[in-house]
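Colleague: I'd like to ask you about the structure that follows.
The values are calculated or read from the model by the stated rules, or taken from the named source; none is laboratory data. Model, not experiment: these values are computed from the prediction. Please note: Cβ atoms are built from the backbone with ideal geometry, for glycine as well, and neighbour counts cover all protein chains shown. Ligands, DNA and RNA are excluded from the accessible area calculation, which covers all protein heavy atoms including side chains. Shrake-Rupley method; radii C 1.70, N 1.55, O 1.52, S 1.80 Å.
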Amino acid sequence: MTTQSTSRVPQEERTRAMRARLLEATVELLVEKGFSGTTTTLVSERAGVSRGAQLHHFPTKNDLVVAAVAHLTERRGEELAERAAELPTGSQRTRAVIQMLGDHFAGPVFTAALELWVAARTDAALLEAVAPLERVLGRETHVMTVELLGADESQPGVRELIQATLDLVRGLGLASTLGDDTRRRRKILDQWALTLDVALDKEKQ
């Protein structure tokens with residue numbers, strides 16, 4: 001291996017690590033300060049990265065926040081897959097799936113995404129970047145939920161039940177941004193799991 005190639009690998013690793021710090025700092029600030037309070041200066045300070053280096057990789061604020069959400073959307077998918085692999089089988093399966101989804105949409109990454117949704121409503125450039133990410137994530141989450149619940153979407157009404165489940169956990173996630181309602185959310189999701197089990201059993205008959 002040449003000296004040039006050995007020096008390039010550490011540089012590539014340092015660049016990846018720096019980008020990761022910038023993206024993670026951006027999401028933290030979106031959660032803490034909202035979209036309007038998240039500035040490129042604050043992001044570079046929190047990430048410990050020079051302004052020049054930050055601007056080299058992410059010339060605008062929109063570039064930065066969209067890349068951050070894309071980065072954590074991927075990581076969120078990986079975390080969901082890991083949790084899904086640990087879910088129980090048997091009579092408690094549906095409850096565990098629904099509670100997992102509820103916790104997921106009440107987490108900080110969803111809060112950061114909400115900030116972008118609100119900002120994108122009046123920012124055409126941001127909307128153009130964020131909307132495709134949300135469509136992909138929505139499709140992937142829907143497919144995963146169908147698989148985890150063992151639902152048969154060829155049966156009438158099953159697709160709507162799955163979508164209602166995802167709409168419910170998103171709505172509860174939105175409510176959680178206004179205060180800690182963990183106990184209330186768990187009770188609602190427990191009841192929905194019972195309702196879903198009955199409905200899906202009927203569809204299988």
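Colleague: If I go through the range 89-139 residue by residue, how many of them are open to solvent by less than 80 Å² (accessible area, probe 1.4 Å) and either in contact (Cβ under 8 Å) with a residue 12 or more places away in the chain or touching a helix residue (DSSP H, G or I) at 6+ places or on another chain (Cβ under 9 Å) (or both)?
Modeller: Count: 35.
Colleague: In the list Leu161, Leu166, Leu200, which residue meets the criterion of being at pLDDT below 90 and touching a Leu at 6+ places or on another chain (Cβ under 8 Å)? Even if it seems obvious, please write down each step before you answer.
Modeller: Numbers: Leu161 fails: at pLDDT below 90; Leu166 fails: at pLDDT below 90.
So the residue among Leu161, Leu166, Leu200 that is at pLDDT below 90 and touching a Leu at 6+ places or on another chain (Cβ under 8 Å) is Leu200.
Colleague: Give the residues of the range 171-190 that are open to solvent by 60 Å² or more (accessible area, probe 1.4 Å) and assigned to a helix (DSSP H, G or I), sorted by residue number.
Modeller: Passing the criteria: Leu174, Arg183, Arg184, Arg186, Lys187.
Colleague: So if I check each of Ala151, Ala193, which one is part of a helix (DSSP H, G or I), aliphatic (A, V, I, L, M) and either within 13 Å of Leu101 (Cα to Cα) or more than 22 Å from the chain's Cα centre (by Cα) (or both)? I'd like the intermediate steps shown before the answer.
Modeller: Numbers: Ala151 fails: part of a helix (DSSP H, G or I).
Just one listed residue meets the conditions, Ala193.
Colleague: Output the number of residues of the range 37-82 satisfying the condition of being among the basic types (Lys, Arg), open to solvent by 40 Å² or more (accessible area, probe 1.4 Å) and under 12 Å from the mean Cα position of the chain (by Cα).
Modeller: Within the range 37-82, the first condition is being among the basic types (Lys, Arg), and the residues that meet it are 46, 51, 61, 75-76.
From what is left, the residues that are open to solvent by 40 Å² or more (accessible area, probe 1.4 Å) are 46, 51, 61, 75.
Now drop any that are not under 12 Å from the mean Cα position of the chain (by Cα), which leaves 75.
Of the residues in that region, 1 qualify.
Colleague: Let me ask something additional. Can you say whether Ala193 is among the small types (Gly, Ala, Ser) and open to solvent by 50 Å² or more (accessible area, probe 1.4 Å), as far as the supplied structure shows? Even if it seems obvious, please write down each step before you answer.
Modeller: Details: among the small types (Gly, Ala, Ser): yes; open to solvent by 50 Å² or more (accessible area, probe 1.4 Å): no.
Considered against the rule, which asks whether it is among the small types (Gly, Ala, Ser) and open to solvent by 50 Å² or more (accessible area, probe 1.4 Å), Ala193 comes out as no.
Colleague: Tell me the helices (runs of 4 or more DSSP H) entirely within the range 36-130 that contain at least 1 residues that are farther than 25 Å from Gln163 by Cβ. Steps first, please.
Modeller: Working: elements: 40-47, 51-57, 61-85, 93-105, 108-120.
Qualifying helices (runs of 4 or more DSSP H): 40-47, 51-57, 61-85, 108-120.
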